Amino acid sequence: MAENAVKTRKKRRVRFKALAIVELLVIAGLGAALAWECLIKEKVTDEKAVAVVAQTEDPQVRARAVIEKEETLYQLDGKKILIHDSTYGEIFMPVFADVPVSTLDMDSVVTRNGYSFYKENGEVTSFAGVDVSEYQGDIDWQQVKSAGIDFAMIRVGYRSYGGGVITLDERFADNLKGANEAGIKTGVYFFSQAISTDEAIEEADAVLDAIAPYDITYPVVYDWEIIYDDSARTDSMTVEMLADCCISFCERVRSAGYTPMIYQNKGTSMFKLDLPRLTDYDFWLAEYNDEPSYYYEYKMWQYASDGTVPGISGEVDMNLCFKDYSQ
(Lines give C-alpha, C1' and ligand atoms only; values in the text may rest on other atoms or scores of the structure.)
Protein backbone atom coordinates (compact mmCIF):
# COMPACT_ATOMS: atom_id res chain seq x y z
CA MET A 1 0.00 0.00 0.00
CA ALA A 2 2.85 2.38 0.89
CA GLU A 3 4.63 1.67 -2.41
CA ASN A 4 1.41 2.36 -4.37
CA ALA A 5 0.92 5.64 -2.49
CA VAL A 6 4.47 6.75 -3.40
CA LYS A 7 3.88 5.94 -7.06
CA THR A 8 0.61 7.88 -6.98
CA ARG A 9 2.28 10.96 -5.52
CA LYS A 10 5.03 10.81 -8.17
CA LYS A 11 2.42 10.64 -10.93
CA ARG A 12 0.62 13.67 -9.46
CA ARG A 13 3.89 15.68 -9.31
CA VAL A 14 4.63 14.85 -12.92
CA ARG A 15 1.10 15.85 -13.92
CA PHE A 16 1.37 19.18 -12.01
CA LYS A 17 4.73 19.96 -13.64
CA ALA A 18 3.26 19.27 -17.07
CA LEU A 19 0.30 21.57 -16.35
CA ALA A 20 2.64 24.32 -15.11
CA ILE A 21 4.73 24.11 -18.28
CA VAL A 22 1.59 24.31 -20.44
CA GLU A 23 0.39 27.40 -18.48
CA LEU A 24 3.77 29.09 -18.93
CA LEU A 25 3.67 28.44 -22.67
CA VAL A 26 0.13 29.85 -22.92
CA ILE A 27 1.06 33.00 -20.93
CA ALA A 28 4.18 33.50 -23.07
CA GLY A 29 2.10 33.17 -26.24
CA LEU A 30 -0.47 35.69 -25.07
CA GLY A 31 2.26 38.14 -24.05
CA ALA A 32 3.92 37.89 -27.45
CA ALA A 33 0.60 38.46 -29.24
CA LEU A 34 -0.15 41.53 -27.08
CA ALA A 35 3.30 43.00 -27.70
CA TRP A 36 2.89 42.50 -31.46
CA GLU A 37 -0.54 44.21 -31.40
CA CYS A 38 0.87 47.21 -29.49
CA LEU A 39 3.75 47.48 -31.97
CA ILE A 40 1.34 47.52 -34.91
CA LYS A 41 -0.89 50.17 -33.24
CA GLU A 42 2.11 52.35 -32.47
CA LYS A 43 3.28 52.11 -36.07
CA VAL A 44 -0.16 53.06 -37.42
CA THR A 45 -0.41 56.01 -35.00
CA ASP A 46 3.01 57.29 -36.06
CA GLU A 47 2.11 56.99 -39.73
CA LYS A 48 -1.13 58.94 -39.20
CA ALA A 49 0.63 61.71 -37.25
CA VAL A 50 3.20 62.15 -40.02
CA ALA A 51 0.43 62.27 -42.63
CA VAL A 52 -1.41 65.07 -40.79
CA VAL A 53 1.75 67.15 -40.43
CA ALA A 54 2.54 66.71 -44.11
CA GLN A 55 -0.93 67.88 -45.13
CA THR A 56 -0.63 71.18 -43.27
CA GLU A 57 2.25 72.19 -45.58
CA ASP A 58 -0.20 72.43 -48.52
CA PRO A 59 -2.63 75.35 -48.12
CA GLN A 60 -5.01 73.68 -50.58
CA VAL A 61 -5.56 70.73 -48.24
CA ARG A 62 -7.97 71.10 -45.32
CA ALA A 63 -6.17 69.44 -42.45
CA ARG A 64 -7.44 68.01 -39.20
CA ALA A 65 -5.61 69.58 -36.27
CA VAL A 66 -3.13 67.58 -34.22
CA ILE A 67 -4.31 68.55 -30.74
CA GLU A 68 -1.62 68.62 -28.07
CA LYS A 69 -2.39 69.14 -24.41
CA GLU A 70 0.32 70.37 -22.10
CA GLU A 71 0.32 71.62 -18.55
CA THR A 72 0.92 75.34 -18.16
CA LEU A 73 2.37 77.45 -15.38
CA TYR A 74 1.04 80.52 -13.61
CA GLN A 75 3.37 83.38 -12.81
CA LEU A 76 5.40 82.72 -9.71
CA ASP A 77 6.28 86.37 -9.07
CA GLY A 78 2.97 87.33 -7.46
CA LYS A 79 1.34 88.96 -10.49
CA LYS A 80 -2.42 88.76 -10.52
CA ILE A 81 -5.42 90.00 -12.48
CA LEU A 82 -8.19 91.72 -10.52
CA ILE A 83 -11.74 91.21 -11.76
CA HIS A 84 -15.01 92.54 -10.36
CA ASP A 85 -17.74 89.91 -9.91
CA SER A 86 -21.41 90.50 -9.03
CA THR A 87 -21.31 87.84 -6.30
CA TYR A 88 -17.82 88.04 -4.80
CA GLY A 89 -16.92 91.63 -5.55
CA GLU A 90 -13.25 91.95 -6.36
CA ILE A 91 -11.62 88.60 -7.18
CA PHE A 92 -8.17 87.75 -8.46
CA MET A 93 -6.61 85.28 -10.86
CA PRO A 94 -2.90 84.50 -11.14
CA VAL A 95 -1.31 85.50 -14.43
CA PHE A 96 -0.40 82.87 -17.03
CA ALA A 97 3.34 82.89 -17.65
CA ASP A 98 3.03 81.64 -21.23
CA VAL A 99 0.24 83.86 -22.60
CA PRO A 100 1.35 87.12 -24.30
CA VAL A 101 0.37 90.30 -22.47
CA SER A 102 -1.18 93.29 -24.24
CA THR A 103 1.31 96.08 -24.90
CA LEU A 104 -1.32 98.60 -26.01
CA ASP A 105 -1.41 101.91 -24.17
CA MET A 106 -5.10 102.56 -23.58
CA ASP A 107 -4.39 106.19 -22.78
CA SER A 108 -3.83 106.46 -26.54
CA VAL A 109 -7.47 105.64 -27.32
CA VAL A 110 -9.36 108.70 -28.58
CA THR A 111 -13.14 108.79 -29.07
CA ARG A 112 -14.68 111.30 -31.44
CA ASN A 113 -18.23 111.42 -32.88
CA GLY A 114 -18.94 107.94 -31.57
CA TYR A 115 -15.84 106.43 -33.21
CA SER A 116 -12.75 105.30 -31.31
CA PHE A 117 -9.20 105.54 -32.62
CA TYR A 118 -5.79 104.48 -31.40
CA LYS A 119 -2.96 106.97 -31.82
CA GLU A 120 0.80 106.59 -31.66
CA ASN A 121 3.05 109.66 -31.85
CA GLY A 122 0.03 111.76 -32.76
CA GLU A 123 -0.93 109.56 -35.73
CA VAL A 124 -3.94 107.23 -35.99
CA THR A 125 -2.55 103.70 -36.35
CA SER A 126 -5.76 101.71 -35.84
CA PHE A 127 -8.41 100.72 -38.38
CA ALA A 128 -12.12 101.39 -37.94
CA GLY A 129 -14.54 98.54 -38.48
CA VAL A 130 -18.05 97.16 -38.07
CA ASP A 131 -19.41 93.64 -37.82
CA VAL A 132 -22.75 92.86 -39.41
CA SER A 133 -25.24 90.10 -40.11
CA GLU A 134 -28.64 89.74 -41.76
CA TYR A 135 -30.13 91.70 -38.84
CA GLN A 136 -28.72 94.93 -40.29
CA GLY A 137 -30.81 94.46 -43.46
CA ASP A 138 -29.81 96.27 -46.65
CA ILE A 139 -26.55 98.17 -46.25
CA ASP A 140 -25.31 101.03 -48.42
CA TRP A 141 -21.64 100.10 -48.38
CA GLN A 142 -20.55 103.18 -50.31
CA GLN A 143 -21.95 105.36 -47.51
CA VAL A 144 -20.24 103.13 -44.94
CA LYS A 145 -16.92 103.61 -46.72
CA SER A 146 -17.44 107.38 -46.93
CA ALA A 147 -18.13 107.39 -43.16
CA GLY A 148 -14.54 106.27 -42.54
CA ILE A 149 -15.00 102.52 -42.06
CA ASP A 150 -11.93 100.55 -43.15
CA PHE A 151 -13.04 96.95 -42.62
CA ALA A 152 -16.12 94.84 -42.00
CA MET A 153 -16.45 91.49 -40.25
CA ILE A 154 -19.40 89.71 -41.84
CA ARG A 155 -21.30 86.78 -40.38
CA VAL A 156 -21.29 83.79 -42.72
CA GLY A 157 -23.66 81.70 -40.63
CA TYR A 158 -24.41 80.02 -37.34
CA ARG A 159 -25.22 76.72 -35.68
CA SER A 160 -28.49 76.77 -33.75
CA TYR A 161 -28.10 76.31 -30.00
CA GLY A 162 -31.17 74.06 -29.82
CA GLY A 163 -31.06 71.63 -32.71
CA GLY A 164 -27.45 72.18 -33.75
CA VAL A 165 -28.33 72.95 -37.38
CA ILE A 166 -25.83 74.89 -39.50
CA THR A 167 -27.51 77.78 -41.32
CA LEU A 168 -25.94 80.35 -43.64
CA ASP A 169 -26.62 84.04 -43.03
CA GLU A 170 -29.18 85.24 -45.58
CA ARG A 171 -27.15 88.32 -46.46
CA PHE A 172 -23.54 87.17 -46.19
CA ALA A 173 -23.02 87.03 -49.98
CA ASP A 174 -24.55 90.49 -50.58
CA ASN A 175 -22.56 91.96 -47.71
CA LEU A 176 -19.24 90.51 -48.88
CA LYS A 177 -19.84 91.62 -52.46
CA GLY A 178 -21.03 95.10 -51.50
CA ALA A 179 -18.25 95.77 -48.99
CA ASN A 180 -15.51 94.59 -51.35
CA GLU A 181 -16.88 96.67 -54.23
CA ALA A 182 -16.91 99.74 -51.96
CA GLY A 183 -13.23 99.22 -51.11
CA ILE A 184 -13.83 97.98 -47.57
CA LYS A 185 -11.60 95.13 -46.42
CA THR A 186 -13.54 92.08 -45.28
CA GLY A 187 -13.23 89.25 -42.81
CA VAL A 188 -15.88 86.78 -41.69
CA TYR A 189 -17.10 85.06 -38.54
CA PHE A 190 -19.21 82.02 -37.69
CA PHE A 191 -21.40 81.78 -34.59
CA SER A 192 -20.58 78.33 -33.24
CA GLN A 193 -22.45 76.02 -30.95
CA ALA A 194 -20.16 73.07 -31.61
CA ILE A 195 -19.86 70.45 -28.88
CA SER A 196 -17.21 68.26 -30.54
CA THR A 197 -14.16 68.67 -32.75
CA ASP A 198 -16.00 67.03 -35.66
CA GLU A 199 -18.71 69.69 -35.41
CA ALA A 200 -16.11 72.48 -35.27
CA ILE A 201 -14.50 71.10 -38.44
CA GLU A 202 -17.92 70.84 -40.07
CA GLU A 203 -18.50 74.53 -39.28
CA ALA A 204 -15.10 75.53 -40.66
CA ASP A 205 -15.77 73.63 -43.89
CA ALA A 206 -19.15 75.33 -44.27
CA VAL A 207 -17.44 78.72 -43.94
CA LEU A 208 -14.61 77.85 -46.32
CA ASP A 209 -17.03 76.63 -48.99
CA ALA A 210 -19.16 79.77 -48.62
CA ILE A 211 -16.33 82.32 -48.86
CA ALA A 212 -14.36 80.65 -51.65
CA PRO A 213 -15.58 83.08 -54.38
CA TYR A 214 -14.74 86.23 -52.38
CA ASP A 215 -11.65 88.26 -51.53
CA ILE A 216 -11.16 87.78 -47.79
CA THR A 217 -8.21 89.74 -46.40
CA TYR A 218 -9.15 89.95 -42.71
CA PRO A 219 -9.41 86.90 -40.41
CA VAL A 220 -11.88 84.01 -40.47
CA VAL A 221 -13.21 84.00 -36.91
CA TYR A 222 -14.47 81.31 -34.53
CA ASP A 223 -17.22 82.88 -32.40
CA TRP A 224 -18.32 80.38 -29.74
CA GLU A 225 -20.65 81.91 -27.16
CA ILE A 226 -22.47 80.91 -23.99
CA ILE A 227 -26.29 81.13 -24.21
CA TYR A 228 -27.36 83.01 -21.08
CA ASP A 229 -31.14 83.37 -21.42
CA ASP A 230 -32.15 79.87 -22.52
CA SER A 231 -31.08 76.24 -22.29
CA ALA A 232 -28.61 75.27 -24.99
CA ARG A 233 -26.82 72.20 -26.31
CA THR A 234 -23.55 73.79 -25.14
CA ASP A 235 -24.55 74.20 -21.47
CA SER A 236 -22.33 71.31 -20.34
CA MET A 237 -19.37 72.19 -22.57
CA THR A 238 -16.08 71.45 -20.81
CA VAL A 239 -13.05 73.74 -20.83
CA GLU A 240 -11.00 71.04 -22.52
CA MET A 241 -13.49 70.42 -25.33
CA LEU A 242 -13.97 74.14 -25.96
CA ALA A 243 -10.23 74.54 -26.49
CA ASP A 244 -10.23 71.45 -28.73
CA CYS A 245 -13.02 72.97 -30.83
CA CYS A 246 -11.21 76.31 -31.12
CA ILE A 247 -8.06 74.56 -32.32
CA SER A 248 -9.92 72.28 -34.74
CA PHE A 249 -11.76 75.20 -36.38
CA CYS A 250 -8.72 77.47 -36.53
CA GLU A 251 -6.36 74.85 -37.93
CA ARG A 252 -8.92 73.91 -40.58
CA VAL A 253 -9.09 77.57 -41.60
CA ARG A 254 -5.32 77.98 -41.54
CA SER A 255 -4.77 74.90 -43.71
CA ALA A 256 -6.99 76.53 -46.36
CA GLY A 257 -4.77 79.62 -46.47
CA TYR A 258 -6.74 82.06 -44.30
CA THR A 259 -5.87 83.78 -41.01
CA PRO A 260 -7.76 82.19 -38.09
CA MET A 261 -8.97 84.22 -35.11
CA ILE A 262 -10.98 83.61 -31.93
CA TYR A 263 -13.71 86.01 -30.77
CA GLN A 264 -14.73 86.15 -27.13
CA ASN A 265 -15.85 88.53 -24.41
CA LYS A 266 -13.63 89.25 -21.42
CA GLY A 267 -15.54 87.15 -18.88
CA THR A 268 -15.84 83.98 -20.94
CA SER A 269 -12.24 84.36 -22.04
CA MET A 270 -10.97 84.52 -18.46
CA PHE A 271 -13.22 81.81 -17.01
CA LYS A 272 -13.84 79.38 -19.89
CA LEU A 273 -11.01 79.54 -22.43
CA ASP A 274 -7.83 77.55 -21.84
CA LEU A 275 -5.76 80.52 -22.99
CA PRO A 276 -2.30 78.86 -22.91
CA ARG A 277 -3.47 76.34 -25.51
CA LEU A 278 -4.74 79.07 -27.86
CA THR A 279 -1.75 81.39 -28.19
CA ASP A 280 -1.22 80.45 -31.84
CA TYR A 281 -4.33 82.41 -32.83
CA ASP A 282 -5.09 86.12 -32.87
CA PHE A 283 -7.80 87.27 -30.47
CA TRP A 284 -10.82 89.52 -31.05
CA LEU A 285 -11.94 90.98 -27.73
CA ALA A 286 -15.50 92.06 -26.94
CA GLU A 287 -15.53 94.53 -24.05
CA TYR A 288 -17.88 97.50 -24.09
CA ASN A 289 -15.96 100.22 -22.26
CA ASP A 290 -14.23 103.48 -23.05
CA GLU A 291 -11.04 101.44 -22.87
CA PRO A 292 -10.58 97.69 -22.39
CA SER A 293 -9.28 96.21 -19.15
CA TYR A 294 -8.41 92.83 -20.66
CA TYR A 295 -4.89 91.83 -19.60
CA TYR A 296 -3.74 89.60 -22.44
CA GLU A 297 -2.93 90.37 -26.06
CA TYR A 298 -5.66 91.07 -28.64
CA LYS A 299 -5.52 92.32 -32.22
CA MET A 300 -9.11 93.52 -32.55
CA TRP A 301 -11.44 95.18 -30.05
CA GLN A 302 -15.25 95.32 -30.28
CA TYR A 303 -15.89 98.37 -28.13
CA ALA A 304 -19.61 99.03 -28.64
CA SER A 305 -22.79 97.28 -29.72
CA ASP A 306 -24.87 100.42 -30.15
CA GLY A 307 -22.89 102.35 -32.75
CA THR A 308 -24.40 104.29 -35.62
CA VAL A 309 -22.84 104.47 -39.07
CA PRO A 310 -24.29 106.16 -42.18
CA GLY A 311 -25.49 103.51 -44.63
CA ILE A 312 -26.48 101.05 -41.88
CA SER A 313 -29.99 101.15 -40.42
CA GLY A 314 -30.19 100.94 -36.64
CA GLU A 315 -27.39 100.06 -34.24
CA VAL A 316 -24.24 98.21 -35.23
CA ASP A 317 -21.19 96.75 -33.47
CA MET A 318 -18.11 98.98 -33.61
CA ASN A 319 -14.55 97.70 -33.74
CA LEU A 320 -10.94 98.78 -33.72
CA CYS A 321 -8.19 96.72 -35.32
CA PHE A 322 -4.57 97.23 -34.30
CA LYS A 323 -3.09 95.18 -37.15
CA ASP A 324 -3.33 95.74 -40.90
CA TYR A 325 -4.44 92.30 -42.05
CA SER A 326 -4.79 93.48 -45.64
CA GLN A 327 -0.99 93.57 -45.84
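Residue count for region 239-266 under the criterion of being open to solvent by less than 30 Å² (accessible area, probe 1.4 Å) and either under 24 Å from Met106 (Cβ atoms) or without any contact (Cβ under 8 Å) to a residue 12 or more places away in the chain (or both): the result is 4. Could you tell me whether Val132 is among the β-branched types (Val, Ile, Thr), over 12 Å from Val316 (Cβ atoms) and at pLDDT 95 or above? For Val132, the condition - among the β-branched types (Val, Ile, Thr), over 12 Å from Val316 (Cβ atoms) and at pLDDT 95 or above - is not met. Going through (1) surrounded by fewer than 15 Cβ atoms within 10 Å (Cβ to Cβ); (2) more than 14 Å from the chain's Cα centre (by Cα); (3) farther than 14 Å from Gln193 by Cβ one by one, Ser236 falls short only on (3).
Per the listing Ser133, Ser126, the residue uniquely touching a Phe, Trp or Tyr at 6+ places or on another chain (Cβ under 7 Å) and surrounded by 19 or more Cβ atoms within 10 Å (Cβ to Cβ) is Ser126. Per the conditions (1) in contact with a helix residue (DSSP H, G or I) (Cβ under 8 Å, 6 or more places away or on another chain); (2) buried (at least 22 other Cβ atoms within 10 Å of the Cβ), the sole criterion not satisfied by Tyr189 is (1). For region 306-320, a residue qualifies if it is open to solvent by 40 Å² or more (accessible area, probe 1.4 Å) and closer than 15 Å to Thr111 by Cα, and the qualifying residues are Asp306, Thr308.
For residues that are touching a Cys at 6+ places or on another chain (Cβ under 7 Å) and closer than 22 Å to Glu71 by Cβ, tally how many sit in region 234-269. Summing the residues that are touching a Cys at 6+ places or on another chain (Cβ under 7 Å) and closer than 22 Å to Glu71 by Cβ in region 234-269 gives 1.
Identify, please: which residue in region 64-102 is open to solvent by 50 Å² or more (accessible area, probe 1.4 Å), in contact with a Pro (Cβ under 8 Å, 6 or more places away or on another chain) and not acidic (Asp, Glu) and is, among those, modelled with the highest pLDDT? Looking at residues that are open to solvent by 50 Å² or more (accessible area, probe 1.4 Å), in contact with a Pro (Cβ under 8 Å, 6 or more places away or on another chain) and not acidic (Asp, Glu), I get Lys80. For region 111-128, which residues satisfy the criterion of being in a strand (DSSP E or B) and touching a residue at least 40 places away in the same chain (Cβ under 8 Å)? Thr111, Tyr115, Ser116, Phe117, Tyr118, Phe127, Ala128 - these are the residues of region 111-128 that are in a strand (DSSP E or B) and touching a residue at least 40 places away in the same chain (Cβ under 8 Å).
For region 176-193, indicate whether the set of residues that are without any contact (Cβ under 8 Å) to a residue 40 or more places away in the chain, among the charged types (D, E, K, R) and assigned to a loop (DSSP other than H, G, I, E, B) is non-empty. No, that holds for no residue.
Restricting attention to region 151-172, the residues that are part of a strand (DSSP E or B), of a type outside the set (Lys, Arg) and either crowded, with 17+ Cβ neighbours inside 10 Å or within 18 Å of the chain's Cα centre (by Cα) (or both) total 9.
Flag set for Tyr214, criterion: part of a loop (DSSP other than H, G, I, E, B) and among the aromatic types (Phe, Trp, Tyr).
The values are calculated or read from the model by the stated rules, or taken from the named source; none is laboratory data. Please read these numbers as outputs of a predicted model, since none were measured by experiment. Cβ: placed from backbone, ideal geometry, glycine included. Neighbour counts: every protein chain shown. We work out accessible area using only protein heavy atoms, side chains counted, and drop any ligands, DNA or RNA first. Shrake-Rupley method; radii C 1.70, N 1.55, O 1.52, S 1.80 Å.
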